[in-house]
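Since the structure comes first, as structure tokens, the remarks are kept for the end.
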Amino acid sequence: MTDSHIHFSGLVLRPFADTDAAAFAAAVVESVPSVSPWMAWCASDYTAADALEWFAMCRASEAAGTAFEFGIFCEQTGDFLGGAGLNDIRPLHRFCNLGYWVRQSRQGQGVATRSVQALAAHGFGALGLHRVEIVVAVGNTASLAVAAKCGAFDERVARNRLCIDGRAVDAHVFSLVPE
């Protein structure tokens, strides 16, 4: 990756810095009602130390070339808005997964949609990917809406595609491909 900051439509997506840990943890705790049903790591006892562990894993994955995870920040204020990333990168077939979450107080403002658009463009451009997948648990209407707004094609519902809190769940598999 040549430039670690992505500026797009009022957002800055950048790798996490250790100084983001407190804001990240506060956003996670705030977002338990809307995010935790879909992402088991989102818990009311999430701490800055947990965030630092996540950031270290993000750096290791980036060094290995298997994932590029970003914090989403407001370009104007610098406020932490959520996280998004290109992960599970498969270089042989040049595709990956794209995941995202937005803190509860900033949901419904287009943050996830703009983040998906920015990361898909980055994946197709800088990373040379041919396909980006968005995998969304059946019933996660907010994430389904984001994928649809981004023009992702809903290819199928895959049985037992995700594991949420130790439980296998069916999920929509969306795809984005370069235009």
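The values are calculated or read from the model by the stated rules, or taken from the named source; none is laboratory data. Not measured: the values here are computed from a predicted model. With ideal geometry, Cβ positions are generated from the backbone for all residues, glycine too; neighbour counts draw on all protein chains shown.
For C163, the conditions (1) surrounded by 15 or more Cβ atoms within 10 Å (Cβ to Cβ); (2) closer than 23 Å to T66 by Cβ; (3) not β-branched (V, I, T) are fulfilled apart from (1). Within region 49-62, the residues that satisfy the criterion of being surrounded by 15 or more Cβ atoms within 10 Å (Cβ to Cβ) and over 18 Å from L13 (Cβ atoms) are D50, L52. For residues in region 131-160 being of a type in the set (K, R) and more than 20 Å from R94 (Cβ to Cβ), which is surrounded by the most Cβ atoms within 10 Å (Cβ to Cβ)? Ranking the candidates gives K149 first. Out of F55, F8, one residue alone is in contact with a Phe, Trp or Tyr (Cβ under 6 Å, 6 or more places away or on another chain), more than 19 Å from S143 (Cα to Cα) and of a type outside the set (A, V, I, L, M). It is F55. Screening region 1-13 for residues that are touching an Asp or Glu at 6+ places or on another chain (Cβ under 9 Å) and at pLDDT 95 or above and picking the one that is surrounded by the most Cβ atoms within 10 Å (Cβ to Cβ) gives L11. Checking each residue of region 75-84 against the condition of being exposed (fewer than 15 other Cβ atoms within 10 Å of the Cβ), in contact (Cβ under 8 Å) with a residue 60 or more places away in the chain, assigned to a loop (DSSP other than H, G, I, E, B) and among the polar types (S, T, N, Q) gives at least one match. The C-beta contact set for region 95-109 (first residue without any contact (Cβ under 8 Å) to a residue 60 or more places away in the chain, second residue surrounded by fewer than 22 Cβ atoms within 10 Å (Cβ to Cβ), distance under 6 angstrom, 6+ apart or interchain) comprises F95/R131; C96/D88; C96/I89; N97/N87; N97/D88; N97/E133.
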